[in-house]
Every structure is written in C-alpha cells, then in structure tokens.
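In what follows, a single structure is set out as structure tokens and then discussed.
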Amino acid sequence: MALYIFRRLAFFLGALVASSVAIFLLIRAAGGNVAAIVLGRDASPDAIDALATEYGLDRPLAVQYLDWIGGMLSGDLGRSFRTNESVTDLVTSRLEVSIPLALMGLTLGLLIAIPAGIFAARNAGRPSGAFVGLLSQVGIAVPVFWAGILLSLLFGVHLGWLPTGGWTPWSVDPVQALRSLVLPVLSLGTILGAVMTRYVRSAVLDVMNQDYVRTARASGMTASQALLQVGLRNAALPIVTVIGLQMAELIGGTVIIEMVFSLPGLARMILANVAAREVIVVQSTVMLIIVFVIFVNFLIDMAYALLDPRTRRGR
Amino acid sequence: MSGADNAIEVRDLFVGNGDLTAVQGVSFTIPAGGRMGLVGESGSGKSMTALGIMGLLPAGWHVRGSVRHDGVDLVGQSDRQMSKRRGRTISMVFQDPLSALDPVRRVGRQVTSILRRHLDLSAAEAERQALDLFAQINLPEPARILRAYPHELSGGQRQRIMIAMALACYPQLIIADEPTTALDVTVQKQVLRILDAAVRERGSALLMITHNLPIIAAICDSVAVMYAGRIVEAGPVAQVFRTPRHRYTQGLLRSQPTMDNISFDAGARLPAIPGMVPPLTDLPPGCPFHPRCAAASALCRTRMPPFEGAPHGAACWHPADGAGEAP
Ligand SMILES: Nc1ncnc2c1ncn2[C@@H]1O[C@H](COP(=O)(O)OP(=O)(O)OP(=O)(O)O)[C@@H](O)[C@H]1O
Ligand code: SF4
Ligand SMILES: [Mg+2]
C-alpha cells in the first residue's frame, strides 16, 4: 500500500514537472519575443528592451522557468503586463465561478449517470432500457452550448424563473449567485450525465456477467442483491476511471457554458488574455488547470487503492 | 421411491434460448446422499443442466420441465424463493475459483455472509463457524486466510474456499461443475479428496460434472452420459463403465487411459472418437451421434432412439450388448 502511494505520488510530481516545462516552452516557442508581442508591431526597439528588462525576459530561459515555478509554489502567479495586476488576484475572483460550476456540473452528471446507467443495464434488451440508452445518445449528440441555449430560452426567457446570464458574486448575494449557476450547472450536468450514463451502463453490464456475481446468487442473494452488494462495488472501479476520462469533457464544457451564460469564470479570462497576448497570465492559469487535472487523476489512483485490494500490492 | 427420499428428481428438463436448445429433455434422480457423475464432451449441455436446476442461467435462457427438490418444483420458483434455497438446501461449486470469488471482498466475509444470511448467525458466531469450516477443508492458518483477498491465495486454496461456501449450510445437494479442471494437476487430487470427505460427512448428495471418468469411478455411484443435450446412457457406475451399452459411451471409455490400455510408449495415442460434437443449430436427424458412429444404420439416421432399459439404460438402436435391433 505504501509502495503504491509512493509510486503514484512520484508519478504525480513527475507529471507536474513535465507539463510545466511543456507549457513554458510551448508558450515561449509560439510567442517568440514576448516583449515584442506584448507591445505590438509598432513598438520601438527601446521600449521592447525596457519591458524585457523590467519583467526579466532577457534572462536565460532556465532562469525564467525556475523563477516562474518558484513564484507558483509560493502562490505568486506573476503579474499582467498591461495592468500590472497580480494574476493570483485575477484568478481567485474567477475561481469562485468556475469551481462551483465544474464541481456541481460533475456531481449532477454522476447523480444522473449512476442510477440511469444501472437502470439501463438491468433493463438491457427491454424497451425501458433501450429508452434510457436512446436518451443518453441524444444527450451525447447535443452540443453543450445548444443545451445551454435551450435551457436559458425555456427557464430564463420563456418562464422567467432564472437569470439567463450574468453573475452576482457570492459576497454580494449568495442566493442570487446560486441562482445564476442553476441553468449553467443543469446544462453542463445533463450533458456530462448523458455521456457518463453510457459508461456506467457498460460497466454494470460487464459486472453483471461476471462469475462472482453468479456465485453471490448461488450462495443466496437475489439478482438485485447480488448486483447492489457485489456488482456495484466492482463496477465502481471502471466508473471512477470514467470520471478521470471525463475531465477534458468537463473543462471543455465549462468553457462553453461560461460563454453561453456570460459568467466571469476562468475560461473567459484565459480567452480574453490570449487575445490580449498576456503571456504570463495565460501561462500561469493554464498551468493551474493542468495541476487540477493531474491532481484529480492522482485522487482517482488513491480511490483505486481503497476500492481494489489488488492495486495495493503495487502494480 | 417417494419424493422425500430423493435429493433431486429432474424430469424432462429443457434449457433453451430462442431457437437454441442446449438441454433437450434430461431426466435423472439422485437419492438422498447419492452421488451421480455427469459426463460428456464439451458443449453437450452439462453446465446448462446444472445452471437450469439452480435457476442461474445467463440472461435470455429459460428452463422447462420439472425439478423436484425438498418437496417443491424448482422450475417456476421466483428468484426470491430460489434465493432462500441456493447455498442452503442446494449449492454449487464452479469451475474457476479465481473468477468465481469476489475480488474486492475478503474471503472470510464471503463465507460468513452465507452463514449469516441463511442461518441468521451473529457476526462472531459466523466467524467461528467459518474457522471450523476452514479447518475441515485443511486450510493452513485459517485465521490469516479469513482476512485474505482471493488474489492472495493459491488456486487450490481458492477452490477449497468455494467448497467451504457450498458446504457451509449442510445442503441436501451439491452440484460441482468441473471443480478441479482449473487447478494444477498436483492439487486436483487433494481438492477432490477434501470435497469427497466433506460431502460424505454431511450426508449431502452430489452431482459431479466432469470430463474425467476416473474421478467418477472413484467417487460416484451412478453416472449419466450426455451427448448433444440428451442423456444417452445412465446407470450404476460399475455397470456403465464395465459394460457400456451406448456407442458414444464406448468411444468415450476407449479414449480414456485405464489400467488395461495405459501405455508408456511416447508415440502411442488412445483412439479418439472421430468427428466433432454437432453444433446446437445443426443437429442431424435421428440419433445425433450417427455421423460419428461406426454402428450407424439407416434407422439411426432417421429416427431418434428412445431411452430404454433402467436401471442401466441407453438411447441406442444397436446397443453394444446386442439388446436392441440388429444393425
Ligand atoms: N452464454 C451462452 N451463450 C450462448 N450459448 C451458450 C452459452 N453458454 C453455453 N452455450 C451453449 O450451450 C451449449 C451447452 O453448453 P454447456 O456449457 O452446458 O456445455 P458443457 O457440457 O458444460 O461443456 P464444457 O464441458 O465445455 O463445460 C453449448 O453448445 C454452448 O455453445
Ligand atoms: S443409435 Fe445408432 S448411431 Fe446412435 S449410437 Fe446407437 S448405433 Fe450409433
Ligand atoms: Mg461446462
């Protein structure tokens, strides 16, 4: 067990280092002379040099990289070239939108996918199971932005129950903040739920055909008891894996939903800063998202160790 | 024989899925404490017979006929009613103990949960009985094994756990479907001896499914031979093995090493039955064995032979003992 955790931790740290180097080099390679890009085509060479010196862009790449990472580790994500604002402050105000949106969307997705997937598996080959399968297919085919627009038309414009966009910070009015998130979370969650239903269904179907579920029945469990008491515990392994695989879907969906509902989240901030060529802001926030993804996958590895005794012996 | 004396009475059992019929009218009786072997080539329907009796068929498969056991007909019982019997009055040992045990639960829990479910024991009492069971099946360090996961045990240990689970509640009948096939040759005999002793001690009846005729000769008192979903010969072990009547049984016996035909000559091979078992979807008319039978006549090719001649019966137009029609 200790060996397994140690290995996953080493892998986690290795992945962080590798991806930070990759991000750093990619952005520098794409950007060329950062100071020149920030100042634009008409800037004088003197101005470019001055900016480069001020932000330390004239130092060797390795030094710049270590400086950046050192700052990240101490919570300093750098400063904006244009406004000189601290990226840390910029990001924190955005996270209060993006994190609740992503987490609530994922939770809703699981709350839909797990029961729906189990139902579809248990009723495989029957009309009711096929119907759930069809709903899930429809959900997969519908783009997230379309779901968002439909929901905001129905509940926002037509019924007028909920805001169709915009944001009230939690500190100003928590209830209003929550209301602003209802439609975005619904759109994101139902689409994620539809995608994950298919995975849950096949995980449960697979487990239902396993010999150990038959053994559970042979020793006195009804088919439902065997599925719920023995099958689900085993199906949890592939389901947890799917959560890791859905991270890309989740982040992509969050970006789109922030656009559709004009929420001031992290995604919109990154896009705006890409357009404004704010190299440091983009570099640090993208890295932050990568840390999040790698961390979730690390948590999934740990969940595996808890769920599956075979993993604990190292693998 | 009255129903109460028998561990199980199977009559005209059919197991099918849509147009496929894997078991076609199988009948047999095992008296209380009796031991019957069920043999036949791969695909002859042995496992489907067992799963049909247990009500554990794969999705889409259904069973017809009657299975009298403990005063009721198991065919037509609900899953809930069957769940009260499985593991208690009738239980089953499967072929591959690695896939048959739950990989994420300790084996102790898997054994005690049966005792608790059926006998309503407390956790402590169930654990005590599980330790007793482990001692009976010669598991070393029972306390350690109680806390082990299946992947931490050897194949022989795992199969002994399966046997412990099947025997835990002193069932009237145990069905063992090739319980030693997945094990190393060296532990097969040991596991078999343990199964034999534990079944005997409980006075349970045994239905032993295997390809291995010597196993049946060693531990069963009667035997039924299956071919293409039917029982083609049945009777006391000594009679069937010494004087087989059906041509298929003859071939089966000839293809197995015995004291008489065993050879230490590396190049020597026992005569295998020529041809293959016909697929379920393409059974020949008449006796299903006729394409492979040297004694087949025109009659064999057109009409199904009836099963005749209890207590040592066979379904053959031209049985080897000459009791049938002349070939
Ligand atoms: N899950 C399944 N789906 C479809 N057909 C099956 C399934 N299981 C078994 N069959 C078919 O049913 C027939 C009987 O199979 P069964 O498993 O009872 O044979 P068996 O005598 O136990 O063979 P073996 O010695 O290989 O275990 C075979 O023709 C097999 O192909
Ligand atoms: S009935 Fe005919 S074909 Fe079938 S086993 Fe007997 S002799 Fe052979
Ligand atoms: Mg079989």
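The values are calculated or read from the model by the stated rules, or taken from the named source; none is laboratory data. Only a predicted model underlies this, so the values are computations on that prediction, with no experimental measurement involved. Methodologically, a virtual Cβ is constructed for each residue, glycine included, from the backbone with ideal geometry; neighbour enumeration extends over all protein chains shown.
Descriptive notes on the structure:
- Candidates B:Met226, B:Met208, filtered to the one that is under 22 Å from B:Ala22 (Cβ atoms), in the same structural domain as B:Arg35 (by TED's automatic domain parsing), away from ligand 2 (no atom under 11 Å from the Cβ) and modelled with pLDDT of 90 or more: B:Met208
- Qualifying residue in the range B:100-107 (condition: more than 9 Å from chain A (Cβ to nearest Cβ) and of a type in the set (A, V, I, L, M, F, W, C)): yes
- Test for B:Leu195: is it buried (at least 17 other Cβ atoms within 10 Å of the Cβ), away from ligand 2 (no atom under 16 Å from the Cβ) and within 14 Å of chain A (Cβ to nearest Cβ): no
- Residue match in the range A:78-87 (condition: part of a helix (DSSP H, G or I) and out of contact with any strand residue (DSSP E or B) (no Cβ under 6 Å at 6 or more places or on another chain)): yes
- The residues on offer are A:Leu110, A:Leu90, A:Leu178, and the sole one that is hydrophobic (A, V, I, L, M, F, W, C) and either surrounded by fewer than 15 Cβ atoms within 10 Å (Cβ to Cβ) or in contact with a Leu (Cβ under 7 Å, 6 or more places away or on another chain) (or both) is A:Leu178.
- When residues in the range B:22-40 are screened for being within 16 Å of ligand 2 (Cβ to nearest atom), touching a helix residue (DSSP H, G or I) at 6+ places or on another chain (Cβ under 8 Å) and of a type outside the set (A, V, I, L, M, F, W, C), 1 of them pass.
- B:Arg242 being within 29 Å of B:Asp196 (Cβ to Cβ), at pLDDT 90 or above and over 20 Å from the mean Cα position of the chain (by Cα): yes
- Only a single criterion out of (1) surrounded by fewer than 18 Cβ atoms within 10 Å (Cβ to Cβ); (2) closer than 26 Å to A:Val132 by Cα is not satisfied by A:Val204, namely (1).
- Only one of B:Ala197, B:Ala217 that is over 30 Å from B:Pro291 (Cβ atoms), in a helix (DSSP H, G or I) and at pLDDT 90 or above: B:Ala197
- Identity of the residue in the range B:117-144, assigned to a helix (DSSP H, G or I) and within 14 Å of chain A (Cβ to nearest Cβ), that ends up nearest to B:Ile194 (Cα to Cα): B:Leu133
- Qualifying positions in the range A:229-281 - in a helix (DSSP H, G or I) and charged (D, E, K, R): A:Arg233, A:Glu249, A:Glu258, A:Arg268
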